Amino acid sequence: MIKMLAENLMGIEARLQINWVWLNAGLEFASWGLFSLLLAEVLRDTYHALCHQVNWLAKWHNKHHMAYRRDLSIVSMRIYQESQLYHDILESSLLLVVLVAVALIVQQWGLWLGVAYGSTFLYGASVRYFQGKIDTDYNHLPGPLETIPSIWWVNRSYHWRHHFDDVNAYYSGVFPLVDKILGTGLSLKGKTIALTGASGALGQALAAELVRNNAKVVALTTNPEKLVEQVGVKVIPWQLGNEAELRNSLEKVDILIINHGINVYARRTSEAINSSYEVNTFSALRLMDIFSTTVTGPQAKATKEIWVNTSEAEVSPALSPLYELSKRSLGDIVTLKRLDGDCVIRKLILGPFKSQLNPYGVMSAQQVARAVLFFARRDFRNIIVAINPLTYLLFPLKETSTSLYYRVFSRTAKSEQDLRKQ
C-alpha cells in the first residue's frame, strides 16, 4: 500500500515537472510576444514622428496628409490611393523588414507574433491601395467626431488632431505609447486656454508656462488689479455667481482650467460652510456646465477640454475640514460628469504648494505648473503632483472605484431623455 502511494506521488511529481516546463515555455513565448508588439508600435510611431522631422521622409508622408479634408472625407480616390502607396505600404513594409530581421537574429518564437501583427498593417494598406476600400481605414473614416479622444488607444478623434490640430503631435497609430514618451499626446500650440484663479500663485505660474508653450491665455479673475500686463495673456474680470456672463468668451476657448478656490481653515460657521461650497464646488460646476454647452460642432469633442483643480484634498487631509469637504464634493461630481463624455475632463490633484491659500506649502507654484503641463502633454487625465507617496496609490483606487459605482447606479442624460419619451 505504501509502495503504491509512493509510486502515485512520484507520478504526480513527474507530471507536475512536465507542466512546469510547458508553463515556463508559455510564459517565455508570451513575454517575447508582448515585447514584439510593443516594439512594432514603437518602431511604427517613431517612423511616423521622423516623417515630420526629416525632409526627405516628409515628401512621401505629406501625400498622406493631402488626401483628407477637415471632415476626413478623401479629396479624391487617386490621391488617396497614392497616399496608401507612398506612405502606408512603405511604412508597413519597412516595419515588417525590421521585425523579421529581429526575429531571425534573436531566434525567439514569440517575436513572430510581432511579425504577424506588422503584417496586418501591410495587408490593410494593400487592400486600400489596390481595391480602394476606405472602410478599412478606421481612424480616417469621414463624418463628425462623436466621441472624445481615447486615453487607451488611438480613435478617430485622437488621430483627427494629428491632421487638423497640430501635425507635429499625436503621432501614435494604435496605442498612444510613443506620444506619452515624447510628450506629444496633447498639443498646447495655438490653443486658447481660459484660466480661473488667474491672480493666485498657481494661476500666474500656469499662465506663464502656457504662454511659453505657445498657448493664448485668457485670465479669468475676480481680482484684475492683482495682475500685471503680460504678452499673450488677455484679462477678463468676472464675479462669483455671474458665471453665465462668461459664456460668449468661453465659446472661443479650447481648454478651460478651473483653478479658483477658497480656504476658511478652521472656521465652521454657516457662513464659512456656504462660502466654501459656493466657491470651491458650485461655482466650478456652473462653469463646467456653461463650458459644456459650447462643445458643439463636428470636431469640438476632439479639441475642447476642462481641467479641474480638485486638489490632494480628495484623498488626503488638508488640515481644513471645509476645504476637504467642498473639494471632495467637487471631485466626486467631476467623476460623475466624466461618464457622459461631453469633452475631455482632466483632474489636477495637487499637493501643498506655497500660495495665498497655503503659505506653508512645500512645493513652489512654478514647480507645480511645470509638472501639470508635463503630464498634460502626455495626455494624463488624472494629473497628480504631490510629495505624499500615498496619494499616488490612494487616488487611482478612489477614482476607479467611485467611477465604477457611478457607472452602475446612474444614467446618462441621453438615457434619461429616452425614458421620458417612453
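Per-structure values
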read-out	value
Residue within region 281-291 that is in contact with a helix residue (DSSP H, G or I) (Cβ under 8 Å, 6 or more places away or on another chain), surrounded by 23 or more Cβ atoms within 10 Å (Cβ to Cβ) and free of Cβ contacts under 8 Å to residues at least 24 places away in the same chain present	no
Residues satisfying the stated conditions in region 171-192, i.e. within 26 Å of residue 309 (Cβ to Cβ) and either buried (at least 23 other Cβ atoms within 10 Å of the Cβ) or among the acidic types (Asp, Glu) (or both)	176, 179, 184, 185, 186
Which listed residue, of 146, 82, is of a type in the set (Asp, Glu) and over 30 Å from residue 191 (Cα atoms)	82
Hey, residue 76 surrounded by 13 or more Cβ atoms within 10 Å (Cβ to Cβ) and among the hydroxyl-bearing types (Ser, Thr, Tyr) or not	no
Any helices (runs of 4 or more DSSP H) falling wholly within region 22-107 and containing at least 2 residues that are more than 30 Å from the chain's Cα centre (by Cα) and at pLDDT 95 or above	90-106
Number of the exception - residue 294 against (1) in contact with a helix residue (DSSP H, G or I) (Cβ under 7 Å, 6 or more places away or on another chain); (2) farther than 17 Å from residue 203 by Cβ; (3) assigned to a loop (DSSP other than H, G, I, E, B); (4) at pLDDT below 95	(4)
Set 329, 403: member being surrounded by fewer than 17 Cβ atoms within 10 Å (Cβ to Cβ), of a type in the set (Gly, Ala, Ser) and assigned by TED's automatic domain parsing to the domain that holds residue 217	403
Residue match in region 107-127 (condition: closer than 19 Å to residue 75 by Cβ and in contact with a helix residue (DSSP H, G or I) (Cβ under 6 Å, 6 or more places away or on another chain))	yes
Filter result (of a type outside the set (D, E, K, R) and over 36 Å from the mean Cα position of the chain (by Cα)) within region 267-288	269, 270
Residue selected from region 297-314 under the condition assigned to a strand (DSSP E or B) and of a type outside the set (S, T, N, Q), by the criterion surrounded by the fewest Cβ atoms within 10 Å (Cβ to Cβ)	307
Looking only at region 164-212, and only at residues there that are of a type in the set (Ser, Thr, Tyr) and either in contact with a Lys or Arg (Cβ under 8 Å, 6 or more places away or on another chain) or outside the structural domain of residue 364 (by TED's automatic domain parsing) (or both), the one that is farthest from residue 235 (Cα to Cα)	172
Pair list, Cβ < 7 Å and 6+ apart or interchain, from region 51-78 residues that are closer than 18 Å to residue 161 by Cα to residues that are surrounded by 11 or more Cβ atoms within 10 Å (Cβ to Cβ) and among the acidic types (Asp, Glu)	63/82
Flag for residue 305 being touching a residue at least 40 places away in the same chain (Cβ under 8 Å) and touching a Gly at 6+ places or on another chain (Cβ under 9 Å)	no
Region 127-142: number of residues that are in contact with an Asp or Glu (Cβ under 9 Å, 6 or more places away or on another chain) and in a helix (DSSP H, G or I)	2
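The values are calculated or read from the model by the stated rules, or taken from the named source; none is laboratory data. If you're wondering where the values come from, they're calculated on a predicted model, not measured in any experiment. For neighbour counting, all protein chains shown are included, and Cβ atoms are generated from backbone atoms with ideal geometry for every residue, glycine included.
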